[in-house]
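These notes concern the structure reproduced below.
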Amino acid sequence: MNDIELHCIRVSYLAYNFAKYLNLAEREQFALKEAGALHDFGKLYIDRDILFKKETLNRNEIFIIKQHPILGYDVLKNIKIDSNVLRVILEHHERVDGSGYPNGLRNDEIFYMSKIISLCDSFDAMINIRCYKDKLTFIESMLEIENNLNHQFDEFYGLKFISFLKENKSKLIYM
């Protein structure tokens, strides 16, 4: 398995357990589990040299990387996948301050499941080594989320996520 596949498995696991922590309905829990597994599906259509580049990406490479939510959505909308999962695939890089992509959505324009996957995706990226960065500690990652509430992350879900992480650190096996 490559790093992206492992990342998607971890995000799926984290999202499912966070959904259970939030007492979401079982169908929502499973939708988030599926969305976590598929959120980066569009990266299959991005050149591996760009995906795994260690140096700073140029403007064109950044543009290409930012296409992965649209690519994943466009491919998967043609097969029978829950519409909520499709929406998460498209929106998982949106930010509550409107600075995200692909559509620059803000606050309540962003689907709540997309906000949840964004947290899980970002946290997993922070605590694991990537080809372009070192990992953060568990505490540093929680502080990073806290510092980005109302910018990158929704405050309600962000605070709940931090509480979830604190209460479940020992159960989250991959950390």
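What follows draws every value from the coordinates through simple rules; no lab data is involved. The structure presented is a predicted model; accordingly, all values stated were derived computationally and were not measured. Counting neighbours? That spans all protein chains shown, and the Cβs are built from the backbone with ideal geometry, glycine included.
List of remarks:
- Available extension along the chain between Phe30 and Glu5 is 7.2 nm, counting 0.36 nm per residue and deducting the alpha carbon span.
- Counting every other Cβ atom within 10 Å of each residue's Cβ, Phe111, Phe156 order from fewest to most as Phe156, Phe111.
- Sites Glu144 and Val75, calculated FRET efficiency, Cβ-Cβ separation with R0 30 Å, nearest 0.05: 0.45
- For the pair Arg59 and Tyr21, the difference between a 0.36 nm per residue extended length and the Cα-Cα distance amounts to 9.7 nm.
- Relative contact order, percent, segment 3-171 [alpha-carbon distance under 8 Å, six or more residues apart]: 20
- Calculated SAXS-style log₁₀ I(q)/I(0) at q = 0.10 Å⁻¹ - the chain, Debye, Cα scatterers: -0.35
- Projecting label points 7 angstrom from Cα along Cα→Cβ for Lys166 and Leu44 puts them 4.0 nm apart.
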